[in-house]
Amino acid sequence: MARLFVTGGNGMVGRNLRAHPGIAAWELLAPSRAELDLCDDRALRDWLARHRPDAVVHAAGVVGGIQANMAEPVRFLAENARIGLNLVTACREAGVPVLINLSSSCVYPRELGRDLSEEQILTGALEPTNEGYALAKILAMRLVDYACREDRGLQWRTLIPCNLYGPHDKFDPRQSHLLPAIIHKIHRARVEGHETVEIWGDGTARREFMYVGDLAEAILRALADPSVLPPVMNVGPGDDHAIADYYRIVAEVIGWQGRFTHDLGKPVGMRRKLLSVARQAEWGWAPRTGLREGIAATYAWYLEQQP
């Protein structure tokens, strides 16, 4: 059985990938950070030399929402850049034939808004609130591309998912992304009897979200035959919603009937960030989980974690 090394195996993407039935086709290697620190270049090289994986999915990284990115830009750039550089160079040295590198939609210029196509990366300024994280992801993506230029035998590809949500997400408001933050806020409002919930900004900024289980499915399909993938490919549903719509749908799923207020002084990031899924369509795949269905499944998991 072929060996698959998943970095970030205890993160949201890693855990959902490990839970997918299709992972049974692989002998899974998913060391924790305590077992293998990807910031330690020597330890990583030694680990790869010992275990000799046939394929790697790179899902590790320091992640967080807008508050975390703004509070710790040095950490988001430095640690993620170190992890990406170490992983790609060590896999090259070890001769790993297949690598699926997971990037982020924040690599796109901030002013484009919609129809973000893969060739537009590095054509404009990045969103300042998460620029450090974006730069680190661009670094890893370019390293993957350069390695393939130098060695045509490598089946290394980069997938760029849109915003993700689902089981094993982070719901702490200091670290969470938009949808889990909304779920947490509205759940607390229902439990504590609050009549209002605050939205940062006017609620008209738009975001694209995909249920993380669908990304796990896409990763496994990519691993099955990476040769048919383009070097870089967006992954997402190809449609988006206003932030106010996400609040409304989450409130309906949770059963909270209060009203929303707006803090117009808070940052909201990019006004819109909708990926082009033309390459994904040519690949013949699309996510299957509807937004309301995915939010309900995520909320059910969230409730299971409550003390």
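The values are calculated or read from the model by the stated rules, or taken from the named source; none is laboratory data. These numbers were taken from a predicted model, which means no experiment stands behind them. Don't worry about glycine lacking a Cβ; one is built from the backbone with ideal geometry, like all the others, and counts go over all protein chains shown. Ligands, DNA and RNA are stripped out before the accessible areas are found, and what is left, the full protein with its side chains, is counted by its heavy atoms. Shrake-Rupley method; radii C 1.70, N 1.55, O 1.52, S 1.80 Å.
Within the set of pairs 6+ apart or on separate chains, which have a first residue in the stretch 79-97 that is open to solvent by less than 20 Å² (accessible area, probe 1.4 Å), a second that is among the β-branched types (Val, Ile, Thr) and assigned to a loop (DSSP other than H, G, I, E, B), and C-beta atoms under 6 Å apart?
Cβ pairs passing all conditions: 80/62.
Open to solvent by 50 Å² or more (accessible area, probe 1.4 Å) and touching a residue at least 60 places away in the same chain (Cβ under 8 Å): which single residue out of 74, 63 fits that description?
So the residue among 74, 63 that is open to solvent by 50 Å² or more (accessible area, probe 1.4 Å) and touching a residue at least 60 places away in the same chain (Cβ under 8 Å) is 63.
Could you pull out the residue among 54, 37, 46 that is in contact with a helix residue (DSSP H, G or I) (Cβ under 7 Å, 6 or more places away or on another chain), of a type in the set (Asp, Glu), surrounded by fewer than 21 Cβ atoms within 10 Å (Cβ to Cβ) and at pLDDT 95 or above?
37
For every residue, the table says whether it meets (1) modelled with pLDDT of 95 or more; (2) in contact with an Asp or Glu (Cβ under 7 Å, 6 or more places away or on another chain); (3) polar (S, T, N, Q).
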site: 225; (1), (2), (3): yes, no, no
site: 232; (1), (2), (3): yes, yes, no
site: 247; (1), (2), (3): yes, no, no
site: 256; (1), (2), (3): yes, no, no
site: 263; (1), (2), (3): no, yes, no
site: 270; (1), (2), (3): no, yes, no
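Looking at the stretch 31-56, I want the residues that are within 24 Å of residue 220 (Cα to Cα) and have a partner that is among the hydrophobic types (A, V, I, L, M, F, W, C) and loosely packed, with under 14 Cβ neighbours inside 10 Å with Cβ atoms under 7 Å, at least 6 apart or on another chain. Which pairs are those?
Pairs that qualify, where the first residue is within 24 Å of residue 220 (Cα to Cα) and the partner is among the hydrophobic types (A, V, I, L, M, F, W, C) and loosely packed, with under 14 Cβ neighbours inside 10 Å, are 54/2; 55/2.
Is at least one residue of the stretch 194-201 closer than 18 Å to residue 256 by Cα and not in a strand (DSSP E or B)?
yes
Of the residues that sit in the stretch 225-251 and are in a helix (DSSP H, G or I) and in contact with a helix residue (DSSP H, G or I) (Cβ under 8 Å, 6 or more places away or on another chain), which one is surrounded by the fewest Cβ atoms within 10 Å (Cβ to Cβ)? Break it down stepwise before answering.
So the first thing to find is which residues in the stretch 225-251 are in a helix (DSSP H, G or I), and the list is 226-228, 243-251.
With in contact with a helix residue (DSSP H, G or I) (Cβ under 8 Å, 6 or more places away or on another chain) added as a condition, the list becomes 228, 243, 246-247, 249-251.
Numbers: 228: 12, 243: 21, 246: 24, 247: 21, 249: 17, 250: 26, 251: 20.
By that ranking, first place goes to 228.
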